[in-house]
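Reading through the structure tokens given below for one structure.
Bear in mind that the values in this text are calculations on the coordinates, not laboratory data. As the structure is a computational prediction, the values presented were derived from the model and not from experiment. Using ideal geometry, Cβ is built from the backbone for each residue, glycine included, and neighbour counts are taken over all protein chains shown.
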Amino acid sequence: MHQQLVVEKISSILEATDDTYDAKLTGLLDDANRIFISGAGRSKLVGNFFAMRLVHAGYDVSVVGEVVTPSIKAGDLLVIISGSGETEQLVAFTKSAKKIGAKIILLSAKETSTIGDMADAVFQIGRAEQYGKVYGMPMGTVFELSVLLFLEATVSHIIHEKGIPEEVMRERHANLE
């Protein structure tokens, strides 16, 4: 019962998401000198998944907040994952990146927000009204799982569009595990 509930809810969110987003996001990633990914809480964990997959696909990616993350510069892209688009720390990161001249994209449950108003592009995953209280999926679970699957599908789009063989991706995978 609960597995079906989760699958149906996430499917409905993804069906309501603009189906041109994967190509648009790929274009923004390709145009960036470097990519920086940020989120808070579980959204940060989703960002970590995405960062790893982008590295496997050959992009220059850093996760904001890691000790080895370099400074962001003009020509770079900051990807923010925030259901509300209002998380204070992420608002501050967005302001800093904007001032420097980096491009900013927001993946969010909302069409408009503080971060969205500063972003160069907002990718609204599903529709805002789909994120009300959902039995068995509390505290943002619907957003995080939907974004995770959207981003995995985007990576699938990237590797198919670019013809990146799995063997090449494996060569880029961490080997000090």
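Could you tell me which residue out of 12, 174, 100 lies farthest along the dipole of the chain toward its positive end? Charges go on the beta carbon: Lys and Arg +1, Asp and Glu -1, centred on the Cα centre.
100
Could you give the dipole magnitude of region 2-168 about its Cα centre, charging the beta-carbon of Lys and Arg +1 and that of Asp and Glu -1, in debye to the nearest 20? List each step's numbers first, then the result.
Details: 15 positive and 21 negative charges, 110 e Å.
It works out to roughly 520 debye.
Using a Cα-Cα cut-off of under 28 Å, which lysines could be cross-linked to residue 24, ignoring same-chain neighbours fewer than 8 residues away?
Qualifying lysines at Cα under 28 Å: 9, 44, 73, 95, 98, 99, 103, 110, 162.
Apply the Karplus parameterisation 6.51 cos²θ - 1.76 cosθ + 1.60, with θ equal to phi minus 60°, to every residue of region 68-84 and state each ³J(HN,Hα) to the nearest whole Hz, in sequence, with x for glycine and proline.
9, 6, x, 6, 7, 9, 4, x, 8, 10, 9, 9, 9, 10, 8, x, 8
Please list the non-local residues whose amide H lies under 5 Å from the amide H of residue 60, H modeled 1.01 Å from N, same-chain partners needing a gap of 5 or more.
35
GluC sites (Glu not before Pro), restricted to region 6-72: which are DSSP loop and have at most 14 other Cβ atoms within 10 Å?
Sparse-neighbourhood loop GluC sites (Glu not before Pro): 66.
Around residue 73, which amide H atoms from residues at least 5 apart in sequence, or from another chain, sit under 5 Å from its own amide H, with H modelled in the peptide plane?
none
Choose one of 141, 64, 77: the residue whose Cα lies farthest towards the positive end of the charge dipole of region 2-168 (beta-carbon charges +1 Lys, Arg; -1 Asp, Glu; about the Cα centre).
64
Using amide H atoms built in the peptide plane, which far-off residues or other-chain residues are under 5 Å from residue 126 H to H?
Here the answer is 17, 18, since their amide H atoms fall under 5 Å of that of residue 126.
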